[in-house]
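The values are calculated or read from the model by the stated rules, or taken from the named source; none is laboratory data. Worth saying up front: this structure is predicted, and the values here are computed from it rather than measured. Neighbour counts are summed over all protein chains in view; Cβ atoms, including those assigned to glycine, are modelled from backbone coordinates with ideal geometry.
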Amino acid sequence: MFAQKLSQHSAKVFFDAVHSADTVSGTTHNFYRYPARFSPLFARAAIEIFTSPGDVVLDPFMGGGTTLVEARLAGRHGIGADINELAVFLAQVKTTLFSVYDLSAVYDWVLSLRGFLSLRNHVSEAQSSKRYQYNLSSRRTWRIRKVISLILGYIFELRVPSQERLARCALLKTAQWALDCRTRIPSVEEFRKRFLSNIVVISAGAIEFANSLLASNGVLPVISCLKRSAIGIDKEEIFRVLPPPKLILTSPPYAGVHVLYHRWQLNGRQETPAPFWIANISDSHGESFYTMGSRKQQELTNYYDQLSRSFQSIAGIADKSTILVQMVGFSKPNDQLERYLAIIKEAGLREIKFSNLSNAPDGRLWRCVPNRKWYATRERSSASSKEVVLFHKRA
């Protein structure tokens, strides 16, 4: 264990960012509400404090790509990896530099759909897409499924791949709003209006992102989104080209906490894989694939095994100047944190504590999660609603 100290200014900025309850917003961060994402303020503070322009930032569990967006905005090269193809899709869209022409083309395309989204119109779909519409044909949801199908039937009119991905992202955002954990399913007309307004919102975010990048007057940093596990990531070719990351900023799946990274929840306990249908990507896995194992306390063996192998690979990328910053949570912190830390130590990483960042007797920085929708519990005071920020360096 090594104790260090940040400057007074850096400590305050980081502490405030960790405890911020602000809604996730700004630039491309509101393109989609990815589950269990951390705040852009937290990512921004970590990147500004622990790196310099031109450095490499790695997120081996990148989720919705918050780390990569903030890395690119700060002039750092960003590398992210995730086993979830939906996460890779979102991170790629959110870090893309769209032109005004791209945004105008997508907006004009949406306006052109007005006369073609009648529920009376016929939908011709490939058999492969129907398996992703599971649980969408109920009395409450079939109309939304039909209008999504109609929109997707015309999406290939967008000939430029980046424009198509942006349109799919706006449709994802709209469908998530309409279906995920909703007690009232909106009407088709409400859905159409929301889709158009989301195109406007996403375009504004894309313009803000582009303006921030172009205002830096520097070389655009490299951004790489890898669809792969963190296990073996040290063998990726990109690490032969770029220097070791100065910062590894991430949030691995939480031990024993149930989060749906790949599906939306309908009508209580029903689930749908519709996000993969809308994004035109594939998925054939269950919840345990994305959370590295069962959420049951007595069946966490696979979780710890995959975690150990992941950190062995992550440590293989780091050098002595690399700092690993994690935001993690546990269903039972008293039992699981000790084992979690032991796994990281076995990988060759030593814990660092910043004496002017601690807010708990154990010398670590803890926070209570604001407004997070855990499926495991609705109680704010429960263990799974608390997170801790951990710092490590190579031993």
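Within segment 257-275, the set of residues being polar (S, T, N, Q) and either assigned by TED's automatic domain parsing to the domain that holds Trp177 or in a loop (DSSP other than H, G, I, E, B) (or both) comprises Asn267 only.
Hey, among the residues in segment 367-393 that are surrounded by fewer than 17 Cβ atoms within 10 Å (Cβ to Cβ) and modelled with pLDDT of 75 or more, which one's farthest from Leu260 (Cα to Cα)? Steps first, please.
From segment 367-393, those surrounded by fewer than 17 Cβ atoms within 10 Å (Cβ to Cβ) are 368, 370-373, 375-382, 386; that's our starting set.
Checking the rest, the ones that are also modelled with pLDDT of 75 or more come to 368, 386.
Numbers: Cys368: 20, Lys386: 18 Å.
Here the answer is Cys368.
Quickly run through segment 307-323 and pick out the residues that are among the hydroxyl-bearing types (Ser, Thr, Tyr) and touching a helix residue (DSSP H, G or I) at 6+ places or on another chain (Cβ under 7 Å). Passing the criteria: Ser308, Ser313. Just one of the listed residues (Asn198, Asn211) is under 25 Å from Leu266 (Cα atoms) and either part of a helix (DSSP H, G or I) or touching an Asp or Glu at 6+ places or on another chain (Cβ under 8 Å) (or both), and it is Asn198. Within segment 38-54, the set of residues being surrounded by 19 or more Cβ atoms within 10 Å (Cβ to Cβ) and assigned to a loop (DSSP other than H, G, I, E, B) comprises Phe38, Ser39, Thr51. Of Ala255, Ala210, Ala230, Ala279, all but one fail to be touching a helix residue (DSSP H, G or I) at 6+ places or on another chain (Cβ under 6 Å) and farther than 19 Å from Phe89 by Cβ; the exception is Ala255. The set of residues in segment 155-195 being hydrophobic (A, V, I, L, M, F, W, C) and in a loop (DSSP other than H, G, I, E, B) consists of Leu158, Val160, Cys181, Ile185.
Only residues that are surrounded by 20 or more Cβ atoms within 10 Å (Cβ to Cβ) and either charged (D, E, K, R) or not in a helix (DSSP H, G or I) (or both) were counted across segment 60-82, and they come to 16.
Return yes when Val57 is outside any loop (DSSP other than H, G, I, E, B), buried (at least 18 other Cβ atoms within 10 Å of the Cβ) and touching a Phe, Trp or Tyr at 6+ places or on another chain (Cβ under 8 Å) and no when it is not. In short, no.
Beta carbons closer than 8 Å, at least 6 apart along the sequence or on distinct chains, pair a first residue in segment 320-332 that is within 20 Å of Asp55 (Cβ to Cβ) and assigned by TED's automatic domain parsing to the domain that holds Lys353 with a second that is assigned to a loop (DSSP other than H, G, I, E, B) and of a type in the set (Lys, Arg) for Ser321/Lys246; Thr322/Lys246; Ile323/Lys246. Count of segment 329-338 residues, restricted to those that are surrounded by fewer than 16 Cβ atoms within 10 Å (Cβ to Cβ) and in a helix (DSSP H, G or I), is 3. In the set (1) among the polar types (S, T, N, Q); (2) surrounded by 17 or more Cβ atoms within 10 Å (Cβ to Cβ); (3) at pLDDT below 95, the condition left unmet by Ser112 is number (2). When segment 115-144 is filtered for residues that are part of a helix (DSSP H, G or I) and either surrounded by fewer than 12 Cβ atoms within 10 Å (Cβ to Cβ) or at positive phi (or both), the ones remaining, listed by number, are Gly115, Phe116, Gln127, Ser128.
Listed by first and then second residue, the pairs linking a residue in segment 302-318 that is without any contact (Cβ under 8 Å) to a residue 40 or more places away in the chain to a residue that is of a type in the set (Asp, Glu) and surrounded by fewer than 20 Cβ atoms within 10 Å (Cβ to Cβ), with Cβ atoms under 7 Å apart and 6 or more places separating them unless they lie on different chains, are Ser308/Glu346.
In segment 282-311, how many residues are more than 30 Å from Val93 (Cβ to Cβ) and not charged (D, E, K, R)?
Going through segment 282-311 one residue at a time, the tally reaches 8.
Residues that are small (Gly, Ala, Ser) and touching a residue at least 40 places away in the same chain (Cβ under 8 Å) within segment 155-210 comprise Ser162, Ala167, Ala170, Ala175, Ser187, Ser203, Gly205, Ala206, Ala210, listed in sequence order.
Consider segment 95-125 and keep the residues that are more than 29 Å from the chain's Cα centre (by Cα) and of a type in the set (Gly, Ala, Ser). The one that is nearest to Gly65 (Cα to Cα) is Ser112. Set side by side, the residues Thr23, Thr27 differ, and just one is polar (S, T, N, Q), surrounded by 16 or more Cβ atoms within 10 Å (Cβ to Cβ) and assigned to a loop (DSSP other than H, G, I, E, B), which is Thr27.
For segment 346-358, the set of residues classified as over 18 Å from Lys246 (Cβ atoms) and either without any contact (Cβ under 8 Å) to a residue 12 or more places away in the chain or assigned to a strand (DSSP E or B) (or both) consists of Glu351, Lys353, Ser358, listed by residue number. Checked against (1) in contact (Cβ under 8 Å) with a residue 60 or more places away in the chain; (2) crowded, with 22+ Cβ neighbours inside 10 Å, Ile238 passes all but condition (2).
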